[in-house]
1. Tell me which aspartates and glutamates have Cα within less than 16 Å of A:Lys149's Cα, excluding those fewer than 8 residues away on the same chain?
2. Less than 12 Å apart at the alpha-carbon level, and either on another chain or at least 8 residues along: which aspartates and glutamates does that give for A:Lys86?
3. Could you tally the net charge around A:Leu83, taking each other residue with its Cβ under 14 Å from the Cβ of A:Leu83, Lys/Arg +1 and Asp/Glu -1?
4. What does the convex hull of the Cα atoms come to per residue for the range A:48-114, in Å³?
5. Once you average over the residues of B:213-223, how many Cβ atoms of partner chains fall within 10 Å of each Cβ?
6. Using a probe of 1.4 angstrom, how much of the accessible area of chain A is carbon and sulfur, in percent?
7. Let me know the mean shielding of A:44-51 by other chains, meaning the per-residue number of their Cβ atoms within 10 Å of its Cβ.
8. Please report, to one decimal in angstroms, the Kirkwood hydrodynamic radius of the range A:242-295 built from all distinct Cα-Cα pairs.
Amino acid sequence: MRAIPLKSFASLAVVGLLVTGCGQGLLGGDGGGETAKADDPIVLGMLIPQSGSEAAIGPYMSNAAQLALDEINAKGGILGRKLELKTADDACDAQSAAAGANKLVTEGVDVSVGGYCSGATLPTLPIFGKANIPMIIPAANSQELVDQKLKHVFLINGTGSQQAAAAEKWITKQGAKSAVLMHDNTSYSKDIALRTKTLLDAPGGAEAVLVETVTPKESDYSANITNVLAKKPDFVYWTGYFQEGGLIARQLRQAGYKGSIMVGDGSVSPKLVEIAGAEAAEGVYATMTQTPETLEGAEGWVAAYKKKYNAEPGPYSNQAYDAVRLAAEAVAKAGGTDGAKVIAALEAMDGFSMFSGPLKFTPEHTLSSGGFQILVVKDGKITLQDSLK
Amino acid sequence: MTQLVWNGLFVGSFYALVALGYSMVYGIIKLLNFAHGDLYMIGAFIGFAVLGAVGGVSASMALPLLLVVLLATMVLTGLAGVALERIAYRPLRRAPRLSLLITAVGASFALEYGMRAAAGADPRVYPVRLGGTSVEVLGARLTLQQLVLVGVAVVLMFGLNLLITRTREGRAMRAIALDPSTSSLMGIDVNAVISRTFFLGSALAGAAGVMAGAYYGKIDFLMGFLIGLKAFTAAVIGGIGNIPGTMLGGLLLGLLESFGTYWLGGEWRDVFAFGVLILFLTVRPTGLLGERVTERV
């Protein structure tokens with residue numbers, strides 16, 4: 001009988017030790033990079049659409065991220081620690097995104113390298129911010145993401161206003177007199193369309209005669225197209241995603257529209273050409289940041305991606321790849337995973353080589369160079385038309 | 001103006017085809033089959049697979065080939081509908097109505113994400129597509145292919161109406177709709193008739209799926225969601241459970257959307273469509289052609 005209290009005391013002590021031990025381990029993963037054990041992996045979190053309307057994009061991004069990760073790990077990792085990727089599903093919707101972000105935070109993510117749909121990425125900013133986790137956003141590019149001037153948010157894709165500026169430049173350069181802007185009412189798409197309209201509304205050049213909104217996930221846009229054609233525009237700019245973009249291009253041509261069609265970066269995908277059909281897609285312009293297809297020296301990267309996944313890289317594969325490399329570089333420079341130090345390292349980054357060119361962040365944490373260019377569908381392939389430089 | 005009417009009728013005939021299945025199932029077992037829109041999606045994918053299997057036919061043969069594929073797909077989608085009923089709904093025949101409804105929502109997700117697991121999340125594009133050059137008729141631009149599709153839809157709907165009003169099978173369906181237990185006492189195999197109802201409704205949704213795939217080109221695993229809601233709306237407008245009413249509801253909804261988009265702008269298209277749904281549910285829940293039924297206690 002007497003032995004029992006002693007025994008339980010001993011076991012309590014052991015449990016206590018274990019708990020504190022574990023606690024330290026968890027803390028180490030969270031904030032104090034210094035206290036982390038050398039064999040703890042550096043965890044990168046990636047919030048991407050894996051279900052829902054944009055589910056097709058998720059694998060393009062996570063595959064490319066994994067590719068970057070494997071390359072870094074093959075070279076021995078960062079600070080002697082391996083990298084690890086944890087993904088969560090944002091389904092391109094705000095509720096799922098918030099849940100996914102909380103899940104990643106609980107799993108002890110050190111840096112976030114995800115974010116595709118702007119509408120889904122916006123609600124995750126405070127969640128990662130509260131946990132002191134820097135965010136390198138590879139694809140989402142609504143101006144709203146940086147308008148709040150949050151210290152931990154970095155965009156490595158051009159912003160909506162940069163894209164709108166490129167669109168306006170090209171529409172004017174083409175000598176168009178009247179332009180119609182079409183968007184799908186998502187944060188990303190509406191942002192670009194309205195910014196382009198504001199730019200076009202300035203005196204001189206083309207005039208924005210209509211902003212037409214469509215409902216995503218429909219198949220038939222004939223009602224919208226009848227509205228568009230009634231304005232007899234000579235330029236139509238669609239700022240949404242490729243699923244609708246392909247249908248809209250096809251249905252515009254079927255309805256007898258002869259003017260120019262241009263799409264935004266969310267529509268740049270070989271699938272756009274497939275959906276529209278080669279005939280309707282021919283000559284469609286696009287505003288896009290640098291892609292492997294238009295970049296010299298990216299053939300090796302495309303080949304590596306193909307070899308690993310037996311598929312072509314898709315939209316935002318290269319940005320996701322760059323986001324992981326950038327995160328690794330920042331952690332290396334910061335000497336650990338402490339959020340504030342990583343943020344400082346990112347802000348100090350100068351000349352880090354990415355697909356979009358050497359990286360340096362502006363004070364509002366967007367790219368200072370490597371803006372948008374104009375692509376065109378030529379013989380069924382998306383090729384560079386004008387770098388707008 | 002004629003363009004708006006034509007746009008509305010064209011889209012409306014798709015809505016009507018899908019809505020018929022909704023309406024028939026509701027009419028016979030009082031179940032709102034929320035998975036019905038996904039049968040339209042299944043139909044589109046089955047059509048895609050069948051086309052792939054028979055592929056290698058020249059483009060000039062596109063229309064006759066598609067009609068053959070359409071028939072094959074209708075049979076297969078019909079069977080899928082029967083399987084859905086057998087697996088998801090029959091075990092719950094005596095359960096409260098709410099459990100059936102919840103099961104239908106679950107079945108819808110199962111079909112969507114099952115198809116995603118099977119075929120991937122990327123949208124697919126039909127190898128054979130109906131495009132065609134458009135001609136002006138009375139100021140509206142339409143293509144021969146559109147006319148053929150509307151023609152097929154009309155033939156299918158008339159066929160269904162004949163089947164229901166003129167055949168023994170149809171009589172059995174109507175009898176069950178009125179009173180399932182008495183019907184079974186009268187020697188009708190209720191389960192078999194319900195299976196056939198699911199077969200017919202699903203086959204029509206499958207036909208609409210193939211036609212949408214062949215005309216618009218793009219199919220994906222979520223394509224059934226919105227059209228399912230629209231078909232439900234169409235059925236409510238015309239009178240859910242009432243076959244001619246449902247056809248009328250489909251065409252009316254197409255027209256409403258077309259004119260709504262013109263008057264109010266594209267962002268209001270769905271607001272308009274579902275606003276009308278709410279209006280009907282509050283003011284005339286039995287729809288335009290539905291009869292007011294007094295339920296005896």
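1. A:Glu347, A:Glu364
2. A:Glu107, A:Asp110
3. Summing Lys and Arg as +1 and Asp and Glu as -1 gives -2.
4. Expressed per residue, the convex hull around the Cα atoms of the range A:48-114 is 67 Å³.
5. 5
6. That fraction is 58 percent.
7. Other-chain Cβ atoms within 10 Å of each residue's Cβ, averaged: 1.
8. It works out to 11.2 Å.
The values are calculated or read from the model by the stated rules, or taken from the named source; none is laboratory data. Computed from a predicted model, the values in this text were never measured in an experiment. Reconstructed Cβ throughout: ideal geometry from the backbone, glycine too, with neighbour counts over all protein chains shown. All accessible areas refer to the heavy atoms of the entire protein, side chains included, with ligands and DNA or RNA removed. Shrake-Rupley method; radii C 1.70, N 1.55, O 1.52, S 1.80 Å.
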